[in-house]
Amino acid sequence: MIMSTKNVPPSGGRGIKNPIYIASTASISPLGEDHKEIWEAYKSNHHFIQKYDFEGEEAFAAFLPEKLSAEIEKLRTESTHYRKLDLSVLFAIYTSRQAIKRAGWESEKSIGINIGSSRGATGLFEKFHAEFIKNRVASTQASPATTLGNISSWVGQDLENDGIHFSHSVTCSTGLHSILNAVAWLQSGLAEKFIAGGSEAALTPFTIAQMKALKTYAIEDLAYPCQALNLDKSRNSMVLGEGAGLLCLETSFSSKALAKITGIGYSAEKLKHSVSISEAGKCIQNAMKMAMGELDPTEVDAVVMHAPGTIKGDLGEVNAIKAVFGENLPAMTSNKWKIGHTFATSGILNLELAMLMLKHQEFVSVPFSDISKKPMRLQHILVNAVGFGGNAVSILISKP
């Protein structure tokens with residue numbers, strides 16, 4: 001399929017008839033919320049992972065900056081309705097306000113909203129369940145306050161928006177699946193503008209314990225606890241982070257556009273293990289090929305990888321890239337060594353990093369990994385995410 005838009009690469013991503021433009025992006029993460037601040041943080045070799053006490057069990061994690069957390073908590077004072085919302089919802093409300101403002105969409109009232117989450121209302125669910133175990137009585141708000149759909153619905157309420165609002169979970173690829181959904185709605189003509197992304201507030205004792213039980217979590221007290229893209233590591237080194245990331249997407253070109261989505265790809269592979277992909281990363285191969293379509297692989301300058309810091313996960317994705325690109329490997333990078341794995345939000349933060357690299361024409365590498373060389377240019381970047389069950393998504397973004 002050849003696009004008619006000038007200077008737009010051909011794309012085979014299903015549903016991509018013409019590019020989708022990114023009007024704005026907003027995020028909250030261990031890096032902060034300001035684009036300039038985030039970019040400066042990416043350019044340094046400093047990471048934001050520390051060891052914390054989770055009810056007597058120490059574990060590495062990457063929390064939001066304290067000042068930003070305090071600002072988000074202030075939302076609880078705005079309305080009695082907000083007082084008992086889960087942090088995952090507050091994260092999304094706060095971030096959506098920033099995204100709308102940056103896009104200049106404050107007066108828009110029919111915007112589609114799709115904000116997904118891997119875990120949903122993690123903190124509240126654990127709180128309500130603990131109360132039930134103790135008292136054998138469930139709180140009145142236990143069901144409505146922990147429904148996954150709360151995230152998009154409350155964002156819609158906060159923005160006084162009457163467009164479509166829906167949430168979903170495809171584990172760690174949820175955020176990029178939100179982009180797929182938004183593209184489908186926009187290209188179908190059912191919506192003209194869409195907010196899409198993910199929100200995750202899962203840094204709780206039970207969640208950390210679950211990750212440790214999978215034997216994927218970092219336990220070595222290294223200079224860089226998460227060794228994402230260190231292919232010589234002998235232990236799994238995944239670390240969790242928290243945050244939200246949203247994109248404002250539209251079909252119309254604007255001189256203010258940050259980037260354009262020129263290809264989308266998705267795939268799944270037969271499950272051999274509940275938490276890992278195949279050694280060849282077949283689902284990632286298929287997703288990247290679909291996203292590139294007819295674009296010559298040599299035109300892809302970089303890949304922002306899922307790379308969770310596990311031995312098999314990192315290697316499987318690298319193998320997938322080698323299988324797709326052969327000897328002409330694009331530059332490869334990841335941000336999980338710096339901010340941890342933010343589950344549903346991770347793909348959106350990957351996209352944000354890709355957009356910042358396009359804007360500044362500077363590649364951000366992993367300081368302890370030598371698998372990649374810096375690209376000569378940055379014009380087209382693939383962004384990957386993979387969830388439990390082998391659900392992979394790739395998004396091709398290009399300079400606007």
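Some observations on this one:
- With a simple spin-label model that places each label point 7 Å from the Cα along the Cα-to-Cβ direction, the separation between ASN18 and ALA70 comes to 4.8 nm.
- Sites listed here are trypsin sites (Lys or Arg not before Pro) in segment 68-129 whose DSSP assignment is loop and whose Cβ has at most 14 other Cβ atoms within 10 Å: ARG83, LYS84, LYS109.
- Set of lysines near LYS17 by C-alpha distance (under 29 Å), chain-local residues within fewer than 8 positions excluded: LYS6, LYS101, LYS109, LYS193, LYS256, LYS260, LYS282, LYS289, LYS322, LYS359, LYS399
- With both labels modelled 7 Å from their Cα along Cα-to-Cβ, the GLU294 to LYS256 distance reads 3.4 nm.
- For segment 311-400: rounded, prolate or oblate by the Cα gyration tensor [a/c cutoff 1.5]: rounded
- In this calculation the C-beta distance from VAL137 to SER110 is compared with R0 = 45 Å, giving a FRET efficiency of 0.60.
- Counting only Cβ charges, +1 for Lys and Arg and -1 for Asp and Glu, the dipole size of the chain around its Cα centre is about 540 debye.
- Annotation: per residue accessible area for segment 42-198 equals 49 Å², rounded to a whole number [probe 1.4 Å, protein chains only].
- Each residue, ALA213 and SER234, gets one label point 7 Å from its Cα in the Cβ direction; the gap between the two is 2.9 nm.
- DSSP bridge pairs, the chain: antiparallel proportion in percent, nearest 5: 70 percent
- For the chain, built as a Gaussian network whose Cα springs stay under 10 Å, the top-fluctuating residue of LEU249, LEU222, LEU271: LEU222
- Sequence ranges 229-237, 302-310, ranked by mean other-Cβ count within 10 angstrom, highest first: 302-310, 229-237
- Among MET357, MET211, MET376, residue whose mean-square fluctuation peaks in a GNM of the chain (springs only between Cα atoms under 10 Å): MET376
- Between GLY32, GLY197, GLY243, the Gaussian network model of the chain with springs among Cα atoms under 10 angstrom shows the greatest mean-square fluctuation at GLY32.
- Share of carbon and sulfur in the accessible heavy-atom surface of segment 136-244 [1.4 Å probe, %]: 52 percent
- Segment 321-400 - percent relative contact order, Cα under 8 Å, separation 6 or more: 29 percent
- Atom-type composition of the exposed protein surface of segment 272-347 places 50 percent of the accessible area on carbon and sulfur (1.4 angstrom probe).
- With Cα atoms as the point set, the radius of gyration and Dmax of segment 223-361 evaluate to 15.5, 48 Å.
- Per atom type, segment 41-93 shows carbon and sulfur on 48% of its accessible surface, probed at 1.4 Å.
- Computed on the Cα atoms alone, the convex hull of the chain gives a volume of 134 cubic angstrom per residue.
- Across the chain, the mean sequence separation of Cα contacts (distance under 8 Å, 6 or more residues apart), normalised by length, yields a relative contact order of 24 percent.
- Segment 112-186: relative contact order as a whole-number percent, Cα under 8 Å and 6+ apart: 47 percent
- Under-5 Å amide H pairs with ALA385, H placed in peptide plane, nonlocal only: VAL393
- Each helix, a run of at least 4 DSSP H residues, gives -39500 (n - 2.57); summed and divided by the residues of the chain, these come to -10000 deg cm²/dmol at 222 nm.
The values are calculated or read from the model by the stated rules, or taken from the named source; none is laboratory data. Values in this document were obtained by computation on a predicted structure and should not be read as measured data. All Cβ positions, even for glycine, are placed from backbone atoms using ideal geometry, and neighbour counts span all protein chains on display. Side chains included, ligands, DNA and RNA excluded: accessible areas come from the protein's heavy atoms. Shrake-Rupley method; radii C 1.70, N 1.55, O 1.52, S 1.80 Å.
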